[in-house]
1. Give me the three principal axis extents of the range 100-169 from the C-alpha atoms, as integers in angstrom, largest value leading.
2. Give me the net charge for the shell around residue 181: Cβ to Cβ below 15 angstrom, other residues only, Lys and Arg +1, Asp and Glu -1.
3. Starting at the first residue of the range 261-276, write each ³J(HN,Hα) from the Karplus equation 6.51 cos²θ - 1.76 cosθ + 1.60 with θ = phi - 60°, in whole Hz, x for Gly and Pro.
4. Add +1 for every Lys or Arg and -1 for every Asp or Glu among the other residues with Cβ under 13 Å from the Cβ of residue 264, and state the total.
5. Using θ = phi - 60° and the Karplus form 6.51 cos²θ - 1.76 cosθ + 1.60, what ³J(HN,Hα) does each residue of the range 225-236 get, whole Hz, x for Gly and Pro?
6. Would you tally the net charge around residue 151, using a Cβ to Cβ cut-off of less than 13 Å, leaving residue 151 out, and scoring K and R as +1, D and E as -1?
7. How would you rank 48, 344, 13, going from fewest to most other Cβ atoms within 10 Å of each one's own Cβ?
8. Is any residue of the range 123-159 close enough, with backbone N under 13 Å, to a label point placed 7 angstrom from the Cα of residue 100 along the Cα-Cβ axis, and if so, which?
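What follows draws every value from the coordinates through simple rules; no lab data is involved. This one's a predicted model, so the numbers in the text were calculated from it and none came from an experiment. Positions of Cβ are generated from backbone atoms using ideal geometry, with glycine treated the same way; all protein chains shown enter the neighbour counts.
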Amino acid sequence: MTNINQRQVQKLLQKLSPQQIQMIKLLELPAIQLEQRVKQEIEDNPVLEEEPAEDGEEQPKEISVEEYFAEDDTPRYKYYANNYSKDDQKKPVYLSEGMSFHEYLIEQLGFKHLSEREMTLARYLVGSIDDDGYLRRSLTSISDDIAFSLGIETSEAELERTLGHIHELEPTGVGARDLRECLLLQLEAIPDHDDIQKISHRILTNYFDEFTKKHYEKLMSRLGVSEDVFREAIGEIIRLSPKPGNLYSDGKNDTQPYIIPDFTLNYQNGIFDLSLNSSNVPDIKVNRRYVEMIREMATQQGKNSASSREAIQFVKNKIDSAKWFISAIKQRHDTLMHTMQAILDYQREYFVEGDQSKLRPMILKDIADVTKLDVSTISRVVNSKYVQTQFGIIPLKQLFSEAMQTESGEEVSSYEIKNLLSDCIDKEDKRKPLTDETLMDILNGKGYRIARRTVAKYREMLGIPVARLRKQL
């Protein structure tokens, strides 16, 4: 049996204090989230309050009662604006928020003659449709969910029939399980198919895999059509929408987030004016009433120490927390401005015109060395932050790029390589697209040392598919 004993061990550990953790979290927040965080802190801490607006506005002039009732020499007819007729009727303006994509589908179901059971199943299926219009869940799993949540026993065949009613709704193609079914639903909805549309239907029905892989020569051989006819058939398919849900736009369907820039950079007459965008963030201060309260309670502590000790400690903690939060906001301001100023000095040529070819190779460590801050701090400053310039709003991450060496030993930004790569692909023969290896040879011929896997990485970052998928007739 082992002996149990106690002993003292001295260790040196590094731990972040709660205040440091709070500072790190504040540093990561962009402008719009910082506003919410400050308002939340004001609600949680009664000691904090918003700083009142400056008394820069002109105060309204006091008017005496005699002046108010004094007769005016202004003619009576001048009190009325002569810009409308007596026969005009005032019509109220009603503001509508609009309906969502799923509400629009359910509204259309109301015009169909469905039983109560069919309507319940159809509503559940509509709720399972994604925002882009696809039903990506299997009917088997949906059947199990309906039995569990609604207590309705249904089969996959019944759900398939109900889904057929949803396929008849607008936008055409909604409720499809995959891209092939989506395109076929749109193509079948066209009345009076001509010969070209019939060939398009055959391609989607029998040769969809060959079509997605762009094996055009094989398809023309199997279909027995000429290149001109095949090009028209492919054109019919390309005109269809791959995401029918995106065709609907009304009211609450706008999912594009708003971007509030964290920095504002103006450039006039060769001078930069950098400022931190804090217009929406309320100015905060410690409420003096609580400071005076704790002083009064401290003077009376000797008389009633037992009952006032907890109250004094509570108010003191809240005041300390408020002061530290205000200090953290100021430190965040200084850190962000110090970092952004270093980025501005490093990329000054780029900020003059906004030409990406003027971007110097820059990594987080370069800015960390200039600001004497840690790399992790620079990463938190750059993350999810934007700067408004005279040529648009750009994310700070866009300013950082890897360094590539040319044959002459000169360092260039990876953005310059991407621009050259994009130009080469734009000018290529679409019948015979350039492979990654060919692109590598072209860039190496221009003096840029780059490997094929790097070409593939940059091509994917630009959202450009491989050569086989870029092929056109």
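1. Here the spans come out as 26, 26, 19 Å, largest first.
2. Working: positive: 136, 137, 177, 180, 243; negative: 130, 132, 160, 168, 178, 188, 209.
Result for the neighbourhood of residue 181: -2.
3. My calculation for the range 261-276 gives x, 7, 10, 10, 10, 10, 10, 9, 6, x, 10, 8, 10, 9, 9, 8 Hz in order.
4. Numbers: positive: 385; negative: 262, 273.
Around residue 264, the charge tally is -1.
5. Values per residue, Gly and Pro as x: 10, 7, 5, 5, 5, 5, 5, 5, 5, 5, x, 4 Hz.
6. Numbers: positive: 117; negative: 144, 145, 153.
Taking every Cβ under 13 Å from that of residue 151, the sum is -2.
7. Details: 48 23, 344 17, 13 4.
Final ranking by Cβ density, sparse to dense: 13, 344, 48.
8. Flagged as within label range: 126-132.
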